[in-house]
1. Here are some residues: ALA123, ALA199, ALA129. Which one is in the same structural domain as CYS331 (by TED's automatic domain parsing), touching a residue at least 24 places away in the same chain (Cβ under 8 Å), in a helix (DSSP H, G or I) and out of contact with any helix residue (DSSP H, G or I) (no Cβ under 9 Å at 6 or more places or on another chain)?
2. Just for segment 152-196: of the residues that are touching a helix residue (DSSP H, G or I) at 6+ places or on another chain (Cβ under 7 Å) and among the hydroxyl-bearing types (Ser, Thr, Tyr), which one is nearest to ALA276 (Cα to Cα)?
3. Considering each of LEU66, LEU101, LEU90 in turn, give the residue that is in contact (Cβ under 8 Å) with a residue 60 or more places away in the chain and either polar (S, T, N, Q) or not assigned by TED's automatic domain parsing to the domain that holds ALA261 (or both).
4. Which one of these is within 16 Å of the ligand (Cβ to nearest atom) and within 28 Å of ILE409 (Cα to Cα): LEU221, LEU239?
5. Tally the residues that are acidic (Asp, Glu) and within 20 Å of GLN307 (Cα to Cα), restricting the search to segment 85-126.
6. What is the number of the single condition among (1) in contact with a Lys or Arg (Cβ under 7 Å, 6 or more places away or on another chain); (2) under 30 Å from ALA381 (Cβ atoms); (3) not charged (D, E, K, R) that VAL126 does not meet?
7. Among the residues of segment 286-325, what is the count of those that are within 16 Å of the ligand (Cβ to nearest atom) and crowded, with 24+ Cβ neighbours inside 10 Å?
8. Go through the residues of segment 98-118 one by one and say whether even a single one is within 16 Å of the ligand (Cβ to nearest atom), surrounded by 22 or more Cβ atoms within 10 Å (Cβ to Cβ) and closer than 30 Å to LEU400 by Cβ.
Amino acid sequence: MGDVLELSPQADWVTRSLRSVWHPCTQMQHHETVPLIPVKYGRGAWLVDANDKRYLDGISSWWVNLFGHANPRINAALKDQLDTLEHAMLAGFTHEPVIALSERLAALTGHALGHCFYASDGASAVEIALKMSVHYWRNSGRTEKRELVCLKGSYHGETIGALAVTDVAIFRDAYGPMLQSVHVVASPDARLGDDAESAARAAARSLERLFEERAGNIAALIVEPLVQCATGMAMHDPLYLQLARELCDRFQVHLIADEIAVGCGRSGSFFACEQAAIWPDFLCLSKGISGGYLPLSLVMTRASIYQAFYDRDMARGFLHSHSYTGNPLACRAALATLDIFAEDDVLNANRVKAAALRTALAPLAQHALVSHFRQCGTIFAFDAHTTDATFSRRFFATALEHELLLRPIGRTVYLMPPYILDEAEIALLAERTHTVFEKVMAA
Ligand SMILES: *Cc1c(COP(=O)(O)O)cnc(C)c1O
C-alpha cells in the first residue's frame, strides 16, 4: 500500500515517468539506453537534476528559453499578473496584456503587420495562417486559390494541417494518407549551391516555374525565414526571401513567414524577415515570445487582409478559436520578454556574444570530421562526417555526461543557447561541445 508515495519523490521520477508519461518526439524504447533526466529546477542557463547534477542548456530547452530559467524579471511580471487576472475568454472580452502585446508587436513591424491573432502553440499559429489565407481568397471571390506551397525540408508543426506543409519524412510519413497534398519546391539551403546566393536564385527559379503553372490556384507559400531549423539548421541567404516576396507579389500568392523558431532575435534581428527588408502577409511567432515560460503563439497580418474579413456576414469572419487564446499570463510573460529586449539592448549584446562563441568554436569548425560550419544570429550548426544512425542519441548522452544539453538532428550538431550566457559559459559551451564531438566520433 502506498508504495509509490513512500518512495523518495525525486529518486524515482525516472521510473514513474517512464511508466506513466508518454514523452514527445521519442521512441520510448530508446530510454532503455538513452537517459531521461529528472529536472528539479532551473537557474539561468542551467538545468539541475534530482541528483544535483547540472546541465548547460545549449538549446534553450527546445528553442524557447531566451533569458534563462527562473528569470527574475519575468517571474516578477507573472507573479503580479497572477494576482490580477489569470485568464479570461478573448471572444467578447479583452484585457491589458493582450492589447499591449499586440500594439508593441505591431510597432516592431512598423505597423506593416498591425493585427494579431492568438493561439497557444506554434502548430496552431501555422494552421491559423493557412486558414486565413484560404479564407481571404474565398472572401475575395477566389475560391479556386486554395493550394499551398512549402519548401523541401520544411517544418511547420505536427498537427494535420501544419504537417501537410512539413517535409520531414520521419514526422510525416506515418500520417501521409491523412494529409492534404501540397506543392514542395526547392529549398534555398546554402549547402546546395556553389554559394548561398546561387542556391537562393536556383530555389527562386523553381518557385517561379511552379507559380507560372499554378499560381491561379495557389493561396500561399510558407517559409521558415533564414533557417529551416527542424530539418537540421539549413540556412539560406536573405536574398531568397526578397525573391520569394517579389514572386508572391507578381503572382498574387500570400507569403507566410513561420518565424516560430527564428523570430524574437534568434536570427540576429528581432524578426528574421528584417534582414531581407521584406514583410510577409502573415507572420507566425511562438517559442521564444513568452521567454520560454508559457505556451503562446500568434499570427500577425496586414490591414488589407484583416479588412477582407470585416463584414456584417458572420461567415466572412475568422471563426477560429482556442480556449486559451490570448491568455493574460502568457501575454504578460511576453511583455516582460519585450521589456528585456528594450532595457538590455539584447540584439546588440547578442552580436557580441555570438562573435565570442564563434571564435571559441573556431577549432571545432576546423575539425577534419566537421563540414558546413554555419551561423545565423545565435544559431550555430555543423555536419558531422558519420553514417552512424545512432550518432544523435550517442551525442546527446555523451553531452549529458559533460554537463551539456545538446540534441543533434541526425548528423547535424547545433547550438541555440539562451541569450544570457556569460563569458565563462560561452567558453565552456564551446570547449565541451568540442570534447563531446571528439569522444563520440572516436567511439
Ligand atoms: C517548433 C516549430 C513549429 C511548431 O511549434 P509547436 O509549438 O511545437 O507546435 C512550427 N514551425 C517552426 C519553424 C518551428 O520551429
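1. Every option except ALA129 fails the conditions.
2. The extreme case among them is SER187.
3. Just a single option satisfies the conditions, and that option is LEU66.
4. LEU221
5. 1
6. The number of the failed condition is (1).
7. Final tally of qualifying residues: 13.
8. Looking for residues that are within 16 Å of the ligand (Cβ to nearest atom), surrounded by 22 or more Cβ atoms within 10 Å (Cβ to Cβ) and closer than 30 Å to LEU400 by Cβ, one finds none in segment 98-118, hence no.
The values are calculated or read from the model by the stated rules, or taken from the named source; none is laboratory data. Treat the numbers as computed from the prediction; the structure is a model and nothing was measured. For neighbour counting, all protein chains shown are included, and Cβ atoms are generated from backbone atoms with ideal geometry for every residue, glycine included.
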